[in-house]
1. With charges set only on the Cβ (+1 for Lys and Arg, -1 for Asp and Glu), what does the dipole of the chain come to about its Cα centre, in debye to the nearest 20?
2. I'd like the Karplus ³J(HN,Hα) series for the stretch 38-51: coefficients 6.51, -1.76, 1.60, θ = phi - 60°, whole numbers in Hz, and an x wherever there's a Gly or Pro.
3. Could you name the lysines in cross-link range of Lys16, using Cα to Cα under 22 Å and dropping any fewer than eight places away on the same chain?
4. What relative contact order, as a whole-number percentage, does the chain give when Cα pairs under 8 Å and 6 or more residues apart are counted?
5. Mind jotting down the three principal axis lengths of the stretch 9-72 based on Cα atoms? Whole angstrom, largest first.
6. Working out 0.36 nm times the residue gap between Met1 and Val56, then minus their Cα-Cα distance, what length gain in nm do you get to one decimal?
7. With a cap of 10 neighbouring Cβ atoms within 10 Å, and only residues DSSP puts in a loop, list the chymotrypsin sites (Phe, Trp or Tyr not before Pro) found in the stretch 1-51.
8. Compute the label zone of Ser24 within the stretch 33-73: residues whose backbone N is under 18 Å from the point 7 Å along Cα-to-Cβ.
Amino acid sequence: MPDYHRMDIGVTYYNKKTAKTESSWNFSVYNVYARENAYAITFRENADDPSKTEAVRISLFKIIPSITYNFKF
């Protein structure tokens, strides 16, 4: 497998607490620089020369944004 690298970032905003509740919002991004990391590698015949086999890298996701709301009571 080739080298794997990604950077994730996130920020959490805490709302004002009341006597009985507490809440927050979380905003995050998975794989900020959209690197196509290999999830799996498959092998197939070369289209130009069927006697040769080539490796094909499969990647799943580039950038995934996320928003979460947390509520405690």
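Each reported figure results from applying straightforward, stated rules to the coordinates on display, with no laboratory input. Computed from a predicted structure; not experimentally measured. Methodologically, a virtual Cβ is constructed for each residue, glycine included, from the backbone with ideal geometry; neighbour enumeration extends over all protein chains shown.
1. My answer is approximately 720 debye.
2. Computed from phi, the couplings for the stretch 38-51 are 6, 8, 8, 10, 10, 10, 8, 6, 5, 5, 7, 9, x, 7 Hz.
3. Of all the lysines, those that pass the test against Lys16 - Cα under 22 Å, at least 8 places apart if same chain - are Lys72.
4. In percent, rounded to a whole number, it is 35.
5. So the extents along the principal axes, rounded to whole Å, are 73, 19, 10.
6. 18.7 nm
7. Filter output for the stretch 1-51: Tyr4, Tyr33.
8. 66-73
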